Ligand code: PEP
Ligand code: MN
């Protein structure tokens, strides 16, 4: 249910509606818009008694939200949401590129890649300190030490840091050292992790699960918003299909679908989406053309020696070329880079 306030509604009237919602044991989510404020109601098991709210001062109307997901839906908020990661706006007119290695391997490796992607024009730095690896014998990441290295790379380059949390303790640490909490594909339906991310004071990058439908993806984002964290960026990173020429099948059709159903920004990850270095640049160009708000790309200065995801990591030289190609595509679709 959504309580739509009049354009002329005062802050007291908005507070009055919030209080009335909470007095019934529900949760109120004020969503300021360009024209007027709307207040989402969640936590109700059955129907909400609309006339009760309609009679409150400042209320224009009370409308049902038809989708199972509420707060992430365009029904509740028509305007695009712009999420700030560090100082970088994601979801506005400017395309955003997050780049860096799959994993933080050492101070020298991370700083080398960070300097190069900064020079090429990246806006955000990626790098995993906690790695979700299929095999327990594979490199698992440097943990807190990796986060300290990322913080040092941010210090030098000025690039805000996006890094993955595998568990709630990881979120505690990223709140301390990082700028954006990545929830990986394997954890998209880890509901306790999503709830903790919803209480975090940092924005969240939520990656689509390997076999998640669009509705499941949006419902996972809803978990985070329902706990009060509205700063969520979605990320398409490929899904499992029968196709065997790439690691995953990058579902670019989900981008316009997300755009029509949700106000949240969406990035595309062509690295995990393809698993192959030679496919990263072509799919990046396509992702931008199809309307993604930006990319998250794995870059390594020596990909063949990378401790994780070397085969899909592009070199800094390939990244330079990619950014210059994207600079040509961006204006064609009304974006800036
Ligand atoms: C990653 O970004 O390195 C990662 C593990 O991504 P995903 O969760 O999409 O597999
Ligand atoms: Mn990776």
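At a glance:
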item	result
In the range 50-94, the residues that are outside any strand (DSSP E or B), under 14 Å from the mean Cα position of the chain (by Cα) and closer than 24 Å to residue 260 by Cβ	72, 80, 81, 82, 91, 92
Residue within the range 21-38 that is assigned to a loop (DSSP other than H, G, I, E, B), surrounded by fewer than 14 Cβ atoms within 10 Å (Cβ to Cβ) and under 23 Å from the mean Cα position of the chain (by Cα) present	yes
Residue 290 vs. criteria at pLDDT 95 or above and under 18 Å from residue 216 (Cβ atoms)	no
Members of the range 224-270 found to be within 13 Å of ligand 1 (Cβ to nearest atom), more than 16 Å from the chain's Cα centre (by Cα) and within 23 Å of residue 94 (Cβ to Cβ), listed by number	250
Restricting the range 236-251 to residues that are in contact (Cβ under 8 Å) with a residue 40 or more places away in the chain and within 14 Å of ligand 2 (Cβ to nearest atom), the residue that is nearest to residue 292 (Cα to Cα)	237
Checklist (1) surrounded by fewer than 18 Cβ atoms within 10 Å (Cβ to Cβ); (2) touching a residue at least 40 places away in the same chain (Cβ under 8 Å); (3) within 19 Å of residue 183 (Cα to Cα) applied to residue 143, failing item	(2)
Residue within the range 296-317 that is more than 16 Å from ligand 2 (Cβ to nearest atom), part of a helix (DSSP H, G or I), more than 23 Å from the chain's Cα centre (by Cα) and touching a residue at least 40 places away in the same chain (Cβ under 8 Å) present	yes
Leading residue by the ranking (farthest from ligand 1 (Cβ to nearest atom)) among those in the range 125-138 that are free of Cβ contacts under 8 Å to residues at least 60 places away in the same chain and under 20 Å from the mean Cα position of the chain (by Cα)	125
Selection count where residues are buried (at least 24 other Cβ atoms within 10 Å of the Cβ) and either within 10 Å of ligand 1 (Cβ to nearest atom) or over 16 Å from residue 325 (Cβ atoms) (or both), scope the range 275-286	0
Residue in the range 267-281 that is within 16 Å of ligand 2 (Cβ to nearest atom), under 22 Å from residue 209 (Cβ atoms) and part of a strand (DSSP E or B) present	yes
Residues of the range 192-218 that turn out to be touching a residue at least 60 places away in the same chain (Cβ under 8 Å) and crowded, with 20+ Cβ neighbours inside 10 Å, as a count	4
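The values are calculated or read from the model by the stated rules, or taken from the named source; none is laboratory data. Everything numeric in this text was worked out from a predicted model, so none of it was measured. Methodologically, a virtual Cβ is constructed for each residue, glycine included, from the backbone with ideal geometry; neighbour enumeration extends over all protein chains shown.
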